[in-house]
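The values are calculated or read from the model by the stated rules, or taken from the named source; none is laboratory data. Values in this document were obtained by computation on a predicted structure and should not be read as measured data. All Cβ positions, even for glycine, are placed from backbone atoms using ideal geometry, and neighbour counts span all protein chains on display.
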Amino acid sequence: MTWLIIVALFFMICFAGVLLAGAPYLPTLSPQVKTALQLSGLSPGDTLIELGCGDGRVLISAAKHGYKVVGYELNPLLALIAWLRTRRYRQQVRVVWGDFWRADWPAADAIFTFLLPRYMAKLNKKCIRYEHKPVKLVSVAFKIPGQRPAKQKNGVYLYTYR
Ligand SMILES: C[S@@+](CC[C@H](N)C(=O)[O-])C[C@H]1O[C@@H](n2cnc3c(N)ncnc32)[C@H](O)[C@@H]1O
């Protein structure tokens, strides 16, 4: 019984703890992943960063397209699941357990994210300061306030930073 409580507490801390730093876990649906990767306009060999990679589904899809991809995930359980699920793509996929707000993002061609409206202005600032421009930002469901997307489709928005 004690073990059960400890395990339940661990799960609660993992999932609820993330709420202090960002959006809760909600997986992107396959059609939206497909649209997002289409809008990103990447070619095989290009690099994608995923901010909050959840269970790794976008990482897998990106790897199948031949992209290199770096996924940040704060929730240790999800980071472990993403790492395990992407192990056959180890040459292309890197899973980083940590807070993407505090990370120095590597050089990339596009950034994928699915957060919450309240983080979009902060994300915009971080993209403006991103040193490896040009870069495209693909956001599922949420727009950047005051910015006109370069493209949009099925609730996925594309922004370009030069
Ligand atoms: C809405 S879910 C999207 C998951 C995944 N991108 C997908 O599309 O299936 C947001 C994810 O971001 C993670 N997350 C939120 N804030 C974060 C942060 N500051 N650093 C790293 N990961 C974060 C959450 O744990 C969650 O897995």
Unique match (being out of contact with any Asp or Glu (no Cβ under 9 Å at 6 or more places or on another chain), among the basic types (Lys, Arg) and within 18 Å of Thr47 (Cα to Cα)) among Arg87, Arg118, Arg148:
Arg87
Sort out which residues of segment 3-36 are within 20 Å of Ile60 (Cβ to Cβ) and without any contact (Cβ under 8 Å) to a residue 40 or more places away in the chain, and write them in order of number.
Pro27, Leu29, Ser30, Val33, Lys34
When you scan segment 30-43, do you find a residue that is at pLDDT 95 or above, within 8 Å of the ligand (Cβ to nearest atom) and of a type outside the set (S, T, N, Q), even just one?
yes
Residue selected from segment 1-35 under the condition part of a helix (DSSP H, G or I) and β-branched (Val, Ile, Thr), by the criterion surrounded by the fewest Cβ atoms within 10 Å (Cβ to Cβ):
Thr2
